[in-house]
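First the structure, in the form of structure tokens, and then the observations on it.
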Amino acid sequence: MNVQHILIDDTSPVHRELSIYRTGTIYRVRLQDTSYKPYSSLEIDAHNYAAFFHYGIPELLNNLPFISESNNGLDSWDEAFLHNSNLGRMKKIIVERMASIDPEHHETILLGWQDQPIGVAYFRDIDPARFLVFLAKLGVFVEESVTEGYDLEFML
């Protein structure tokens, strides 16, 4: 069987329309608020979204007590909340994971595939240095959230 290989290009409108092209957002919220109000957010672009899962960040963070609609914790296609009291532990997990990522080791990862109507495999280049910059921003976002008393909502 011939399988077409597609390397995701963030500048391609056609690629951005694919279901495999995923982004996310992390919001600062207060779980004790009587109505939903996001106070600020951190966007996760498609590259960093793929890297987030490739480097196993959700699995590491799921050692924390996330509140989610599906009870799956932090997972793609889901919404999950993390209480402020756990953000210090989250920051520690992020810092530890950052230390294990080699910024020089670029990788091409498989995002997904389809067999029908034709075989297609979707790939993405992962730039670890770029992802480390995102993780540093996430660390600052988490640290500021701790200080300011916010909880976090993950829309993945």
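No lab work stands behind these numbers, since they all come straight from the coordinates. Quick caveat: nothing in here was measured; it's all calculated off a predicted structure. As a convention, Cβ positions derive from the backbone with ideal geometry for all residues, glycine included, and neighbour counts pool all protein chains shown.
What is the diffusion coefficient of segment 94-156 in µm²/s, taking the Kirkwood radius over Cα pairs and the Stokes-Einstein relation at 20 °C with a viscosity of 1.002 mPa s?
In µm²/s, the coefficient is 149.
Using a 7 Å offset from the Cα along the Cα-to-Cβ direction at both K137 and Q116, what is the distance between the two label points in nm, to one decimal?
4.0 nm
What is the distance, in nm, between label points placed 7 Å from the Cα along the Cα-to-Cβ direction at S76 and at R16?
In this crude label model, S76 to R16 measures out at 2.0 nm.
For R130 and D33, what is the calculated FRET efficiency with R₀ set at 30 Å and r taken between the beta-carbons, to the nearest 0.05?
It comes to 0.30.
If the reach is capped at under 17 angstrom between alpha carbons, list the aspartates and glutamates near K91, excluding any in the same chain fewer than eight residues apart.
E59, E143, E144, E148, D151, E153
Would you kindly calculate the translational diffusion coefficient of the chain, applying Stokes-Einstein with the Kirkwood radius from alpha carbon pairs, for 20 °C and a viscosity of 1.002 mPa s, and quote it in µm² s⁻¹ without decimals?
128 µm²/s
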